[in-house]
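Okay, structure first, notes after.
The values are calculated or read from the model by the stated rules, or taken from the named source; none is laboratory data. Everything quoted here is computed from the prediction, not taken from an experiment. Heads up, the Cβs are rebuilt from the backbone with ideal geometry, glycines too, and the neighbour counts pull from every protein chain shown. Side chains are part of the model used for accessible areas, which takes the heavy atoms of the whole protein and leaves out ligands, DNA and RNA. Shrake-Rupley method; radii C 1.70, N 1.55, O 1.52, S 1.80 Å.
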Amino acid sequence: QVQLVESGGGLVQAGGSLRLSCVASGTIFRINAMGWYRQAPGKQRELVATVTSGGSTNYADSVKGRFTIFRDSAKNTVYLQMNSLKPEDTAVYYCNVEVRSSSLLANTVGYWGQGTQVTVSS
């Protein structure tokens with residue numbers, strides 16, 4: 001079993017910055033991918049950014065140029081640096097991790113964090 005602990009959310013004014021952190025712990029052989037998703041009130045959860053074990057990143061168009069995802073593989077931690085925040089970024093942000101638990105089995109299992117609130121005021 002894997003547990004994810006998210007932190008870094010809060011209240012900021014438009015134009016401000018926040019850094020989210022997500023630490024994975026438990027039975028982990030390798031984390032193949034980590035990502036951040038968000039869900040605003042009345043909206044469906046959407047992908048924000050992902051990073052693979054090989055370092056490949058992917059961003060939603062709405063955050064390109066403002067957000068940066070990066071990871072510390074040794075600490076099983078992924079970060080989301082959010083700059084130039086807009087009120088539209090207000091949402092609960094969820095960490096998602098694809099974990100390979102065994103050195104012998106290549107399959108992965110996805111895990112979700114509890115979510116951390118990000119609120120951007122006008």
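A few notes on this one:
- Sequence-ordered 3J(HN,Hα) estimates for segment 3-9 from the Karplus curve with 6.51, -1.76 and 1.60 and θ = phi - 60° stand at 10, 10, 10, 9, 7, x, x Hz, glycine and proline given as x.
- Over segment 10-69, volume per residue of the alpha carbon convex hull, in Å³: 123 Å³
- Only Cα sites of segment 1-119 enter the Debye sum here, all with the same form factor; the resulting log10 I(q)/I(0) across q = 0.22, 0.23 1/Å is -1.23, -1.33, listed in q order.
- Per-atom-type breakdown for the chain gives carbon and sulfur 47% of the accessible area (1.4 Å probe, protein chains only).
- Residue-normalised accessible area of the chain, expressed per residue, 1.4 Å probe, Å²: 53 Å²
- Listed residues Leu18, Leu80, Leu104, most fluctuating in the chain (Gaussian network, C-alpha, under 10 Å): Leu104
- Charge tally around Asn32: other residues with Cβ under 13 Å, Lys/Arg +1 each, Asp/Glu -1 each, net +2.
- Per residue, the average separation of C-alpha pairs within less than 8 Å and at least 6 apart gives segment 32-122 a relative contact order of 28 percent.
- Segment 28-101-segment 107-122 distance, computed between alpha-carbon centres (Å): 8 Å
- Highest GNM mean-square fluctuation among Ser25, Ser103, Ser62, for the chain modelled with Cα contacts below 10 Å: Ser103.
- Of all the options Thr27, Thr52, Thr68, the one that moves most in a Gaussian network model of the chain with Cα springs shorter than 10 angstrom is Thr27.
- DSSP beta bridges confined to the chain are antiparallel in about 90 percent of cases.
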